[in-house]
Amino acid sequence: MNEKIVIAKAPGRVNLIGEHTDYNEGFTLPLAIERYTTIRLQRRTSDASASRYHSLALGETTFWTPDASHFLSVEPTPTNQSSGASVAAPTWSKYVAGVINQFAQREQSVPAIDLTIETNVPLGGGVSSSAALEVAVAMAIQQLLDTKLDGLEIAKLCQQAEHDYAGVPCGLMDQLSSVFGRTNELMLMDCRTNQLEFIAASSELAFIVINSRVKHNLADGEYRQRRQQCEEACRLLGVNSLRDVETAQLESARPKMPDLVFRRARHVVSENARTVQAADYLKLGRWELAGQLMNASHVSMRQDYEITCPEIDLLVSLAQGMGLEGGVYGARMTGGGFGGCIVVLGRASHADSISAHVVAAYLAATRIQADAFTTRPAAGAWQLLQG
Ligand code: GLA
């Protein structure tokens, strides 16, 4: 076992197109972003009966059993805490604990550790701060224990942690992106086989991420509901996965499907087609056509999947309104939905003016100060470790 200080780093991601397709065995087209979560950890010698996790961003420290099966305490103690009542574990610490517990469940003996988290990934903004945290923790624990899991196993372990400890039944896109991201390359993911096709991103392109700074709380329950509606659609269509459904087949089954379930399925089926097509256009340098598919994806998310919200729709229409003359090829919401970020595919030379215009117009309309940053596709945790 490694007795030294271990450091691991993993990025967030932005998804260019292919939303809510990963858990339907479909296609997505994400890129890792130049925003990272860094984990620093060391074996704990002062008290071997508890592990200590510290978040620099939140100024909170939690204590868990070394195998992370039990939460012990948090500091500072919440001020509204009546004496004797048990305190709930802060959400961020559940992601850490979930990953550590996955190692413990694989019969890896995890000692007490001191772990510190530092990050510049926007938190809760739809750019996978949770996957960045999970993957960074997993890479650090892997080094500490000297285990030999491959990248796909690491991604799946992190996804399982999110299912079990955070209660979010997510697909695998975020964890795969954070593990396998590559500098200057997009990833076309086939979420049936978990095969990745890397696509060069021209230096003339900018990926502009604008955070609406709103997050509607219903997100987790709605996510679960969408998954169930897709399963219902599969049952009615007699297929195992929406990946296997063509538009014509869906249209002909429409009379036997509730309208809501039909529209959920139509989003997934059409989004898969758009994603594969967008990847082809990007390979050919047909950016305006890829951008049009992003715009269509947003309409589908708004009308059929119903996962956008007024603030996000406003940001998207402000960006789209700039058009090709303003350097915008396309724009859409990115991530799980109900707030978070939009992604704009723009001309690199126009990135600053696009951000400035959208942020100013959004502020004028909503009084909310959005955050914007421009990123190139970045290295994932795996590449960082080898590099
Ligand atoms: C969240 C999930 C992903 C994916 C997206 C929607 O980010 O973690 O697995 O389903 O939502 O595309």
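The values are calculated or read from the model by the stated rules, or taken from the named source; none is laboratory data. Quantities reported herein were computed from a predicted structural model and do not represent experimental measurements. FYI the Cβ positions are ideal-geometry reconstructions off the backbone, even for glycines, and counts take in every protein chain you see. What goes into the accessible areas is simple: the full protein's heavy atoms, side chains included, and nothing from ligands, DNA or RNA. Shrake-Rupley method; radii C 1.70, N 1.55, O 1.52, S 1.80 Å.
Site pair Ser252 and Asp280 shows an inter-label distance of 2.3 nm when each label is modelled 7 Å from Cα along Cα→Cβ. For the stretch 201-285, what does the alpha-carbon gyration tensor say about shape, rounded, prolate or oblate, given a ≥ b ≥ c as the root eigenvalues, a/c under 1.5 as rounded, and a/b over b/c as prolate? Cα axes put the stretch 201-285 in the oblate bin.
Note on the chain: with charges restricted to the Cβ of Lys and Arg (+1) and Asp and Glu (-1), its dipole about the Cα centre is near 140 debye.
Working from label points 7 Å from Cα in the Cα-to-Cβ sense, the Leu56 to Ala360 distance is 3.4 nm.
Using the Cβ of Arg376 as centre and a radius below 12 Å, the other residues enclosed give a net charge of -1, where K and R count +1 and D and E count -1.
A Förster radius of 51 Å combined with the Cβ-Cβ distance from Arg106 to Glu306 puts the calculated FRET efficiency at roughly 0.85. Taking only protein heavy atoms and a 1.4 Å probe, the accessible area of the chain is 48% carbon and sulfur.
Could you state the number of Å between the C-alpha centres of the stretch 138-162 and the stretch 34-60? Here the answer is 17 Å between Cα centres.
For Thr91, what charge total do you get from the other residues with a beta carbon under 15 Å from its beta carbon, if Lys and Arg give +1 and Asp and Glu give -1?
Net charge around Thr91: -3.
Mind listing which trypsin sites (Lys or Arg not before Pro) in the stretch 312-387 are in a DSSP loop and have 16 or fewer other Cβ atoms within 10 Å?
Arg367
Across every direction, the projection of the convex hull enclosing the Cα atoms of the stretch 59-154 has a mean area of 7.2 nm².
In the stretch 238-284, the alpha-carbon atoms span a convex hull of 68 Å³ per residue. The gain in end-to-end length when the Thr183 to Asn240 segment is fully stretched comes to 17.0 nm, 0.36 nm per residue minus the alpha carbon separation. Whole-percent P(r), the stretch 235-364, all Cα pairs, 10 Å bins from 0: 12, 37, 31, 15, 5, 0. Under the shape rule built on the C-alpha gyration tensor, where the axes satisfy a ≥ b ≥ c, the stretch 1-124 is prolate, since a/c reaches at least 1.5 and a/b is greater than b/c. Note on the stretch 142-213: Cα-only Rg and Dmax are 14.9, 43 Å. Cα gyration tensor of the chain, axes a ≥ b ≥ c as square roots of the eigenvalues: rounded (a/c below 1.5), prolate (a/b > b/c) or oblate? Prolate, since a/c reaches 1.5 and a/b exceeds b/c.
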